[in-house]
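Heads up, the thing below is written out as structure tokens.
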Amino acid sequence: MVSDDPGRMLITGAAGGVGTFLRTGLAELGWHLRCLDLRIPDDPGEAEWIVGDIGDEAALDAALADVDVVVHLAAIPVEDHFDAILHANIDGTYRVFDAAVRAGVPRVLFASSNHTVGYYERAEFAGRRIGIEARPRPDTFYGVSKVFGEALGSFYHDRHGLQVACVRIGACCARPLTRRMLDTWFSPGDAVRLFHALATVPDLGYEIVYGVSANRTAWGDLEASRRLGYEPRDDSSVFADLFAHEPVDPDDPEVRFLGGDFTTATPPRRDETYEV
């Protein structure tokens, strides 16, 4: 169902996987979309596209003109060497927040990650879910960059009054691809529902929420996101049989840690930088 003109939204990194899910679903909810990315995808939809880098002040200023809310997705989405993470994820996120304040945009929804708490062991949360009050334990430089983004959002809220929600996104894909993703799965439909709720909830201050579906085995606590109007509809348990016969080794990082094999990821050589 299309909403009554919720407003104009900028999505950075809109050509990526999560960006594609969001721009498709949010357009159906009535959002007027402007998309900023390094390229225009083959299926751009009816959104307005700006080709540019979040490190380019002029491109950011153009993208943020007359925008009601920013969804900031643009980032290297895996582990990389620190200089690359510093440029794309840390400095880039700073530039988006700063440009939002400069343009008078009232609200930023920041794509954080469950890898901000990836070094917690599953055994520590047996029978309960990890809340947003747990201290960050990032599992990679990538995870560190997301902790930085959350802290930056807090600073911009307190200093400039910016309305900020940081979404610790899980495995956002059509279906879980591994056993661990049964716990972290964030269906495309639920991703649209959560970001729409965060974009429209009145009186948003500063929030951290977990971006996961209503999975029976989910380890991320959904209390905060539900309080802000999110009602997930999907549950990864319908895919559980796909992994029922896989052996379970308690020492396997994919089994032991919330962040799975990110806890053992080695940054690539500098000449092997991940291409966004």
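FYI, it's all coordinate maths here, none of it is from the lab. Bear in mind that the values here come from a model prediction, so they are computed numbers and not experimental data. Here the Cβ is made from the backbone with ideal geometry for all residues, glycine too, and neighbour counts use every protein chain on show.
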**Request:** Any chance you could count how many residues in the range 21-35 are out of contact with any Cys (no Cβ under 7 Å at 6 or more places or on another chain), at negative phi and either buried (at least 20 other Cβ atoms within 10 Å of the Cβ) or assigned to a loop (DSSP other than H, G, I, E, B) (or both)?
**Result:** 7
**Prompt:** Applying the selection to the range 222-244, what residues are assigned to a helix (DSSP H, G or I) and either closer than 29 Å to A199 by Cβ or touching a residue at least 40 places away in the same chain (Cβ under 8 Å) (or both)?
**Reply:** E223, A224, S225, R226, R227, S236, S237, V238, F239, A240, L242, F243
**Message:** Taking the conditions exactly as written (among the basic types (K, R) and farther than 19 Å from E150 by Cβ), does R129 satisfy them or not?
**Reply:** no
**Asked** Assuming T217 fulfils every condition listed in (1) part of a loop (DSSP other than H, G, I, E, B); (2) within 18 Å of I11 (Cβ to Cβ); (3) of a type outside the set (D, E) apart from one, which condition is it?
**Response** (2)
**Item:** Single residue of the range 120-153 satisfying the filter (farther than 22 Å from V255 by Cα, surrounded by 15 or more Cβ atoms within 10 Å (Cβ to Cβ) and not aromatic (F, W, Y)) that is nearest to the chain's Cα centre (by Cα)
**Value:** K146
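Would you be able to say whether some residue in the range 207-214 is of a type in the set (D, E, K, R), in contact with a strand residue (DSSP E or B) (Cβ under 9 Å, 6 or more places away or on another chain) and under 19 Å from D139 (Cα atoms)?
No, that holds for no residue.
Any residue that is in contact with a Leu (Cβ under 6 Å, 6 or more places away or on another chain), among the aliphatic types (A, V, I, L, M), in a strand (DSSP E or B) and touching a residue at least 40 places away in the same chain (Cβ under 8 Å) - is there at least one of those in the range 149-171? Steps first, answer last, please.
First, pick out the residues of the range 149-171 that are in contact with a Leu (Cβ under 6 Å, 6 or more places away or on another chain): 156, 163, 165.
In the following step, the residues that additionally are among the aliphatic types (A, V, I, L, M) were identified as 165.
Among the residues that remain, those that are also in a strand (DSSP E or B) are: 165.
Adding the requirement that they be touching a residue at least 40 places away in the same chain (Cβ under 8 Å) leaves 165.
Yes; the residues of the range 149-171 include at least one that is in contact with a Leu (Cβ under 6 Å, 6 or more places away or on another chain), among the aliphatic types (A, V, I, L, M), in a strand (DSSP E or B) and touching a residue at least 40 places away in the same chain (Cβ under 8 Å).
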